[in-house]
Amino acid sequence: MKKELILMRHGKSDWSQILPDYQRPIKKRGFQESAKVGLWLRDHSLVPELLISSPAQRARDTAETVASNMGYSADNIFWNESVYMADVSELLDVIATTPEECGSLMIVGHNPGLEDLLFYLIEELDIPEDGKVMPTATVAVLETDLAWSDLEHGSCRLGIIVRGRYL
């Protein structure tokens, strides 16, 4: 069974206040770009069956905004502390807990973990001219034929990478 894995980095952070990293929200641009990504996902029939997000404030703001704009109930977002600043191994562990009958999963989280995961799962990945693969409010859509618990190096195909800034 083909599965879709949607990876999204949180929207642009607001550094105007001195706050602990975990509590930093997204700024107006972050909300706007996250909303555009949500609409884009909806318009391309990419609304996931399950959305898992880091509970850090900037990821929470992003996940709730994306969910609202793609018609996914924010009440159904699964907040997973393990996604906060996770590395590839930790993200794979989170993904592996997904029920096998789930055909599409979205993870909202942070760099460098999300970008590292993307490089791990895709055999070859073109680097944009600016050198940034997963800047803020970027979504990557991957496909695989493997079970969630069997994902390994190079086991996914890249569908598309979209930056909220350019939507």
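The values are calculated or read from the model by the stated rules, or taken from the named source; none is laboratory data. All values derive from a computational prediction rather than experimental measurement. Note that we place each Cβ from the backbone using ideal geometry, even for glycine, and neighbour counts take in every protein chain shown.
Within region 112-122, is there a residue that is part of a strand (DSSP E or B), surrounded by 13 or more Cβ atoms within 10 Å (Cβ to Cβ) and among the charged types (D, E, K, R)?
No, there is no match, as no residue in region 112-122 is part of a strand (DSSP E or B), surrounded by 13 or more Cβ atoms within 10 Å (Cβ to Cβ) and among the charged types (D, E, K, R).
In region 1-14, what count of residues is obtained for those that are assigned to a loop (DSSP other than H, G, I, E, B), within 30 Å of L151 (Cβ to Cβ) and either in contact with a helix residue (DSSP H, G or I) (Cβ under 8 Å, 6 or more places away or on another chain) or among the β-branched types (V, I, T) (or both)?
Residues meeting the conditions: 3.
Which of the residues spanning region 112-149 are of a type in the set (A, V, I, L, M) and within 23 Å of A67 (Cα to Cα)?
L114, L117, L118, V133, M134, A137, V139, A140, V141, L142
Pick from R42, R24, R9: which is among the charged types (D, E, K, R) and buried (at least 21 other Cβ atoms within 10 Å of the Cβ)?
None of the other options fit; the residue is R9.
Being aliphatic (A, V, I, L, M), surrounded by 21 or more Cβ atoms within 10 Å (Cβ to Cβ), closer than 19 Å to V162 by Cβ and under 14 Å from the mean Cα position of the chain (by Cα): is that true of A59 here?
Yes; evaluated as a whole, the condition is true for this residue.
Is there a residue in region 140-156 that is within 30 Å of R29 (Cα to Cα), without any contact (Cβ under 8 Å) to a residue 40 or more places away in the chain and surrounded by 13 or more Cβ atoms within 10 Å (Cβ to Cβ)?
Checked against the condition, which is being within 30 Å of R29 (Cα to Cα), without any contact (Cβ under 8 Å) to a residue 40 or more places away in the chain and surrounded by 13 or more Cβ atoms within 10 Å (Cβ to Cβ), region 140-156 yields no hits at all.
Please go through region 15-28 and give me each residue that is of a type in the set (D, E, K, R), touching a residue at least 24 places away in the same chain (Cβ under 8 Å) and in a helix (DSSP H, G or I), ordered by number.
D21
A74 is checked against (1) surrounded by fewer than 22 Cβ atoms within 10 Å (Cβ to Cβ); (2) of a type outside the set (F, W, Y); (3) at pLDDT 95 or above and fails just one. What number does that condition carry?
(3)
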